[in-house]
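Step one of this worksheet: look at the structure below.
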Amino acid sequence: MARSLFLCIVFLIALCVPAQSQPPAFMHKRFSADTIKHTIDALTKELSLKHPGFYRYHSKEKFSKYIDSLRSTITDSLTEMAVYLKLKPIIAKIGCLHTGIVLPEKYNTYLNTRANLFPFQVYFESKRAFVVKNYSTIPAILPRDEILSINGKPVSEIVTGLLPLIPSDGYNLTMKYRALLYSFPLWYRNVDPAESFTLLVKQSTGTNGYTLPGATFDDLSRNGFLKEPEPAKQLEFRIENNTGILTIHTFAQSAIKACGQNFKTFIDETFASLKQQQIQNLVVDLRDNTGGSDENAVYFTRHFFDKPFRYWDRIEVTDAIAKEIKGPMTRMFYRKPVQKDSTWLWQKAKTVKDFDFYEEQKPAKNSFHGKTYLLINGFCMSSCSDAIAILSHNSKCICIGEETGGGYQGNTSGIIPKTMVTPFSFSIGVPLQKYVNHVDPSKNKGRGTLPDQPVSIGPDELIKGEDRELSYTLELIMQQTKK
């Protein structure tokens, strides 16, 4: 199934919508504690029945204790936004970056017209915050200055509150911190929609206090900051000092087509060129590739094998969903799952290719047999993280950078129907397929693919625009070539 997550994960609440001067009336409506608790119980029951990865990272007993603890904090009526902030950590607790709860559009319509966004891009190092770019009215706050507190609350406390709101696969943190790098103002607005900010900032001149106005979404958003990045080309390839450098920004078919490119044609031509020019070192930049078409991801992966291999081990669905798949029209597109022991397994489809890749895969014609270096980070998700896991498991590459955001063992995605969370205005997307990668089941549990060569960037590299991971990789290739 095509799975692209940039908008879904980072910019879930950053809708570009028409102006609305007055707050929606529903923002003031309150719901009783009993209503909220009943909703939590109904929601978790429904998710446990339909989400095949609901207990993938937490046992039923531990999840129940977590829900009981959360319910105990609800002692009075709450507004709809307050209820949202109670429900969102439940969704993130599942450990599935494809499962999301979305604010009603009318709420975002109002929020995006207000100057309620923190006017800085910030890099978080653990629970410390450093300015990368200043979009505020106070030029005295410089890149690399450390923000100690916002509106009287220490940054460490703010980060502690925000991390549980951000979904990721398993126990992964690199994706959460990258989400804060690209959209901290939006995540912070969830918990503090203030229109002015009082800051305590550590600078070269000492610790100074500032008060400044917020910014609107339209004033603050940039390509790649609060907005999905739009590169001129989604697929790029060049040869530099006898080293191939292939960049795949996305596996999403629609985005690639919008740039006037064809994925399979581009990949075929790239690997034919590598073979023709006898290139022995290839760098593949998959950083910030949030996924897309599984067919494209598998097609790319085939170019590193010379023998048949397995990609997915299996695709699971819950008992409740398996029993709902019936009728001639449904079977025309998807075969009914079959039961194996206590597990329901998805079967290869009749007319679509979405679930073909649990079968043995054939290598590509012009497969690459030199050394491959994958540049990875926390925004390698979904189908991109699957491809990285398969290449890493089969020792087809050296991974450089930071842990991928998508799970090493696989993810839960595929068909993701959206339903309303009544009696509220929220909608929730629930993925129905649990993909299990054909990797060592005992390795990296609850984690992404870990880098063979960890290389992290900090505020200095971001401010200067330096590509430390690529520079490190090219230097590594040069040293190994000399040897």
Open item on the list: Filter region 95-109 down to the residues that are of a type in the set (S, T, N, Q) and touching a Leu at 6+ places or on another chain (Cβ under 7 Å) and list them by number.
Closed with: N108
Open item on the list: Here are the criteria: (1) free of Cβ contacts under 8 Å to residues at least 60 places away in the same chain; (2) more than 26 Å from T412 (Cβ to Cβ); (3) not in a strand (DSSP E or B). Tell me which single one L180 does not satisfy.
Closed with: (2)
- [ ] Keeping to region 333-387, report how many residues are modelled with pLDDT under 95, of a type in the set (A, V, I, L, M, F, W, C) and either in contact with a helix residue (DSSP H, G or I) (Cβ under 7 Å, 6 or more places away or on another chain) or surrounded by fewer than 19 Cβ atoms within 10 Å (Cβ to Cβ) (or both).
- [x] 7
- [ ] Would you be able to say whether some residue in region 187-199 is surrounded by 17 or more Cβ atoms within 10 Å (Cβ to Cβ), within 30 Å of G448 (Cα to Cα), at pLDDT 95 or above and of a type in the set (A, V, I, L, M, F, W, C)?
- [x] yes
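For T449, are the conditions met, namely being touching a strand residue (DSSP E or B) at 6+ places or on another chain (Cβ under 9 Å) and not assigned by TED's automatic domain parsing to the domain that holds Q280? Walk me through it before giving the result.
Working: touching a strand residue (DSSP E or B) at 6+ places or on another chain (Cβ under 9 Å): yes; not assigned by TED's automatic domain parsing to the domain that holds Q280: no.
When the stated conditions are applied, T449 does not pass them.
In the list S149, S196, S168, which residue meets the criterion of being without any contact (Cβ under 8 Å) to a residue 24 or more places away in the chain and in the same structural domain as S126 (by TED's automatic domain parsing)? Spell out how you get there, then give the answer.
Details: S149 fails: without any contact (Cβ under 8 Å) to a residue 24 or more places away in the chain; S168 fails: without any contact (Cβ under 8 Å) to a residue 24 or more places away in the chain.
The conditions single out S196.
Can you find a residue that is surrounded by 14 or more Cβ atoms within 10 Å (Cβ to Cβ), over 30 Å from Y373 (Cβ atoms) and in contact with a Phe, Trp or Tyr (Cβ under 6 Å, 6 or more places away or on another chain) anywhere in region 243-253? Steps first, please.
Narrowing region 243-253 to residues surrounded by 14 or more Cβ atoms within 10 Å (Cβ to Cβ): 243-253.
Checking the rest, the ones that are also over 30 Å from Y373 (Cβ atoms) come to none.
No: zero hits.
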Open item on the list: Filter region 108-121 down to the residues that are surrounded by 21 or more Cβ atoms within 10 Å (Cβ to Cβ) and part of a helix (DSSP H, G or I) and list them by number.
Closed with: L111
TODO: May I ask you to say which residue of L47, L70, L43 is within 25 Å of V436 (Cβ to Cβ) and either in the same structural domain as L345 (by TED's automatic domain parsing) or not basic (K, R) (or both)?
DONE: L47
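The rows are residues; the columns are (1) at pLDDT below 95; (2) out of contact with any Asp or Glu (no Cβ under 9 Å at 6 or more places or on another chain); (3) not assigned by TED's automatic domain parsing to the domain that holds G458.
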residue	(1), (2), (3)
M81	yes, yes, yes
V102	yes, yes, yes
V132	no, yes, yes
Y135	no, no, yes
- [ ] Taking the residues in region 388-410 that are in contact with an Asp or Glu (Cβ under 6 Å, 6 or more places away or on another chain) and within 15 Å of I94 (Cα to Cα) as candidates, determine which candidate is surrounded by the most Cβ atoms within 10 Å (Cβ to Cβ).
- [x] G406
- [ ] Can you tell me which residue among F54, F130 is touching a residue at least 24 places away in the same chain (Cβ under 8 Å), buried (at least 19 other Cβ atoms within 10 Å of the Cβ) and either in a strand (DSSP E or B) or polar (S, T, N, Q) (or both)?
- [x] F130
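The values are calculated or read from the model by the stated rules, or taken from the named source; none is laboratory data. Remember, it's a predicted structure, so these values are computed and weren't measured experimentally. Methodologically, a virtual Cβ is constructed for each residue, glycine included, from the backbone with ideal geometry; neighbour enumeration extends over all protein chains shown.
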